[in-house]
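Here is the structure we will look at, set down as structure tokens.
Quick note: the coordinates plus some simple rules give every number you see, no bench work behind them. Predicted model only: the values in this text are computed from it and were never measured. Cβ: placed from backbone, ideal geometry, glycine included. Neighbour counts: every protein chain shown.
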Amino acid sequence: MSFVHYSQPTLLELQKKAQASTEKAGKKGRAMHPVVIQGRTIAKSYWGKAWCDTIESYADYSSRLDRGKRYVRGGTVIDLQIKKGVVKALVQGRRVRPYKVTIEIQPISQTRLNKIKKVCEKRITDIEALMNGDFPEDLQELFLNKEGLFPGPRQISFDCSCPDWARLCKHVAAVLYGIGAMFDENPFLFFELRGIDVNSLVSEALVNHVDQMLSHAHVHTKRMIDDKDISDIFQLDVK
């Protein structure tokens, strides 16, 4: 069996092809969302770094991720679109036409989501901070644990139009890192990807918390004084 050896393009060659592909798409009126990395650090925000750290923790991915870093830093991910449960991207490779990458993520189970909602009900202050664009440490730990919102390796599937026979090619790896970079720009894209409506998550937590408070307000405890006791203590006619 003979194997065809392909020479690896230089970063400059990839960038020139990426620019040409972007200009061509622009002439056709296609809106592109490229991944732009400033410096060596791919993701700087908590959510971006958490995504990249999670991906790197998967043993099945470890051997291919380094080449993906080179590609994403080089500006080869010329388009990346994040929707509910799916990411579609164009990655410039050695060929003239960019490769099409699709990453699909299984939806979070309702059981796991319900557990997260119950925890959120007890952390209303943190939820309010979440709505303001902040990500409190307590909620970060909640979302990152095994029962949290981040998907496991078996919940992620991907496909690339390149001829690489490997399950995880460098183009897919570049997109995985590109997702983390996109979370830097808009952390709420994470919830979009996982199919979770943040506004709904927050409003449900608030409503349930208020309902719980109101239900407790009607509970008769030993600290409450009956009308008869008030009458006896203060010698009043309570009606």
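Sort F190, F150 so that the residue with the fewest other Cβ atoms within 10 Å of its own Cβ comes first and the one with the most comes last. Mind dumping the intermediate values first?
Values: F190 23, F150 19.
Placing the least packed residue first, the sequence is F150, F190.
For a quick check: sort V87, V77 by the number of other beta carbons within 10 angstrom, fewest at the front.
Least crowded to most crowded, the residues run V87, V77.
Sort R154, R94 by Cβ crowding within 10 Å, fewest neighbours at the top.
R154, R94
Between N199 and E56, how many nm apart are label points set 7 Å from Cα along the C-beta direction?
3.6
What are the residues whose amide H is under 5 Å from the amide H of V86, where those residues sit 5 or more places off or on another chain and H is modelled from the backbone?
Counting only residues 5 or more places away or on other chains, the set is I105.
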